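The values are calculated or read from the model by the stated rules, or taken from the named source; none is laboratory data. Here the structure is a predicted model, which means the values were calculated and not measured. Quick reminder, even Gly has a Cβ in these numbers, built from the backbone with ideal geometry, and neighbours come from all protein chains shown.
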Ligand code: C5P
């Protein structure tokens, strides 16, 4: 039996720079793993099954699909019982489902001793979703293409992070459609490169705070209430997580983040304190 943490991610920078012929969008993004995680347990079995209490049908569950894909792609005969203990808010732009799927691929590679290298795992991961390859690698990565082309970046400065969950989940395809409308299909869009460059050279939390950017904050559905609550609780800066609906706030350290998260939870806002997670 194997137990793994499946870490959530935030995007410190997320810009969309083009609409592709396959319907996906070209993105430029700086992704960061955070210590908020689901817990995945894998146990060898004759068939593939999944146990979790988060109400997703197996065929729609990325973790289940990852296990199926592993056995199909490798030709390994066998199966697995996957147990998922969910902590990461769903439809929150935190890649929770992608993190679970990546943990299943990494874990099956260990459980069955298949010795697959990262490239093979990331190719499998890309078939499951745009964020899954990042979740295989973790840490701090620049991502291009659909989000699956990765290049390692310098680890984020140590800080505290509070993630607050939106009351409604956001649909990623709908959020992208809304951006297409706002930016006329991204025919002549100028990417926000100055902020990305500043983030890549950031030497302090202040530098990071000054340059956070997420194009999805331009959509109509973006509700500033959560960001305002985080600011009121002492966040240095805030940003929408991925395509939404969660929002994260940066704090000087984990102690400050814990205090703020407690305060927010007491006010009835679902908040999670965490920190940047390295590789
Ligand atoms: O890759 P993933 O399955 O997570 O994407 C979900 C949906 O989000 C896609 O079907 C597409 O509509 C949209 N998407 C996109 N461009 C990306 C990533 C996702 O348009 N780079």
List the helices (runs of 4 or more DSSP H) inside the stretch 177-235, counting only whole elements, that have at least 2 residues being under 18 Å from residue 13 (Cα atoms). 193-200, 205-211
Looking only at the stretch 112-127, and only at residues there that are part of a loop (DSSP other than H, G, I, E, B) and in contact with a helix residue (DSSP H, G or I) (Cβ under 7 Å, 6 or more places away or on another chain), the one that is nearest to the ligand (Cβ to nearest atom): 116
Residue pairs within 6 Å by beta carbon, gap of at least six or interchain, first lying in the stretch 167-195 and on the phi > 0 side of the Ramachandran plot, second more than 16 Å from the ligand (Cβ to nearest atom) and part of a loop (DSSP other than H, G, I, E, B), listed first then second, are none
Taking residue 164 as the residue in question, decide whether it is more than 15 Å from the ligand (Cβ to nearest atom), buried (at least 17 other Cβ atoms within 10 Å of the Cβ) and either in contact (Cβ under 8 Å) with a residue 12 or more places away in the chain or under 19 Å from the mean Cα position of the chain (by Cα) (or both). yes
Those residues that are touching a helix residue (DSSP H, G or I) at 6+ places or on another chain (Cβ under 8 Å), on the phi < 0 side of the Ramachandran plot and in a loop (DSSP other than H, G, I, E, B), I need them from the stretch 147-158; list them, please. 148, 153, 154, 156, 157
Scan of the stretch 17-52 for residues that are within 16 Å of the chain's Cα centre (by Cα) and within 21 Å of residue 188 (Cβ to Cβ), ordered by number: 27, 28, 29
Selection count where residues are away from the ligand (no atom under 16 Å from the Cβ) and either in a loop (DSSP other than H, G, I, E, B) or free of Cβ contacts under 8 Å to residues at least 24 places away in the same chain (or both), scope the stretch 1-41: 1
Quick check on the stretch 222-244. Is at least one of its residues modelled with pLDDT under 95 and surrounded by 21 or more Cβ atoms within 10 Å (Cβ to Cβ)? yes
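Listed here are the residues, each with its yes/no results for (1) buried (at least 18 other Cβ atoms within 10 Å of the Cβ); (2) touching a strand residue (DSSP E or B) at 6+ places or on another chain (Cβ under 7 Å); (3) under 26 Å from residue 273 (Cβ atoms).
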{"position": "96", "(1), (2), (3)": "yes, yes, yes"}
{"position": "103", "(1), (2), (3)": "yes, yes, yes"}
{"position": "111", "(1), (2), (3)": "yes, yes, no"}
{"position": "119", "(1), (2), (3)": "no, no, no"}
Of the conditions (1) within 18 Å of residue 27 (Cα to Cα); (2) buried (at least 17 other Cβ atoms within 10 Å of the Cβ); (3) within 14 Å of the ligand (Cβ to nearest atom), residue 141 fails just one. Which one is it? (3)
Name, by its number, the condition in (1) under 21 Å from residue 268 (Cα atoms); (2) surrounded by fewer than 24 Cβ atoms within 10 Å (Cβ to Cβ) that does not hold for residue 218. (1)
The condition from (1) over 29 Å from residue 236 (Cβ atoms); (2) touching a strand residue (DSSP E or B) at 6+ places or on another chain (Cβ under 7 Å); (3) within 16 Å of the ligand (Cβ to nearest atom) that residue 150 misses is numbered (1)
Of the listed residues (130, 167, 98), the one being part of a loop (DSSP other than H, G, I, E, B) and under 21 Å from residue 12 (Cβ atoms) is 130
